[in-house]
Every structure is written in structure tokens, then in C-alpha cells.
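Here's the structure we're looking at; comments come further down.
What follows draws every value from the coordinates through simple rules; no lab data is involved. Treat the numbers as computed from the prediction; the structure is a model and nothing was measured. For neighbour counting, all protein chains shown are included, and Cβ atoms are generated from backbone atoms with ideal geometry for every residue, glycine included.
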């Protein structure tokens, strides 16, 4: 079984390299879940590059550079158990930029448990300026949705 995983990793990384991606050392041993790899391909079609490496801004787990259309996801998020949510969060930001080239909410009507909503609001008020509340709230709400990959991919396809 380990042999199969290694072969699959080599195949996936080969496709990634052929599709215009760049492999950093962190990416060499990294395998995405099938749905996240499909989302990565949607991002690639929309003109974004996804790098599994430490973002260039200290203290961040994920980052989107709109001018260069690069998304960074820190490898440590895998060990922390937040890789999926970080990937989804940053993919939302990419989709939010498609219409105008600037971040703007897509307008999804997303519902979460009241406790989750309170926690998100707490994070927003502690860590973000008020101008970023709407885009960050949408990204935080989406990262916990069961159909997040489908919705983000659809937005990328429609708006990018």
C-alpha cells in the first residue's frame, strides 16, 4: 500500500509540474485529497498557482497575492489539522477577486451554528480591520460548508 501511495504522489506531482505548477520541497511529499486537487485544478484554470510552502508574510498560514495570482498554504497546516480549511479559505479569496481583480464578497448565503458564528465574529474583531470583515466572514463561513469545493469551483468557473 505504501508503494501505491508513492506512485500516486509521483503521478500527481508530475501532472502538477506539467500543468504549470511549481514544486517546492514542501510539495514533494504532499498529496491533496481528490476534491482539493480538483479545486487546485479549478484555481489553475482561473490563472492561480497554488504553492504548498510557507507564505511570504510572517505569522500567516495561507495567503493570496492578487497581482501575481499566487496562493500559499503553509505545510505546517497539515500537522495542525487545518490544511483543508486553510486551503478552502484562500480559494474563496481567489474566487472573490475574479470579477474585479479586487476582493469583494461573492454573496453566498451561508448558515452555520450560532456558536461558530460567534467564534468567527470574535476572530474578525480581534484580527482584521473592519474593511475586511465581509470578505473574511464569507471565507470563514465557506471553509466549514460540506459543499464548499463545489461552490468555490463553480464561482471560479463562472467569474474568472
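Couple of notes before you dig in:
- Annotation: the stretch 39-160 has a Kirkwood hydrodynamic radius of 14.5 angstrom, from the mean reciprocal C-alpha pair distance.
- Rounded, prolate or oblate (a/c below 1.5 giving rounded, otherwise prolate when a/b exceeds b/c) for the stretch 89-160 by Cα gyration tensor: oblate
- Cβ-Cβ FRET estimate between residue 104 and residue 31, R0 fixed at 30 Å, reported to 0.05: 0.35
- Under the simplified labelling scheme, the residue 129-residue 111 pair shows an inter-label distance of 3.5 nm, with each label point 7 Å from Cα along Cα→Cβ.
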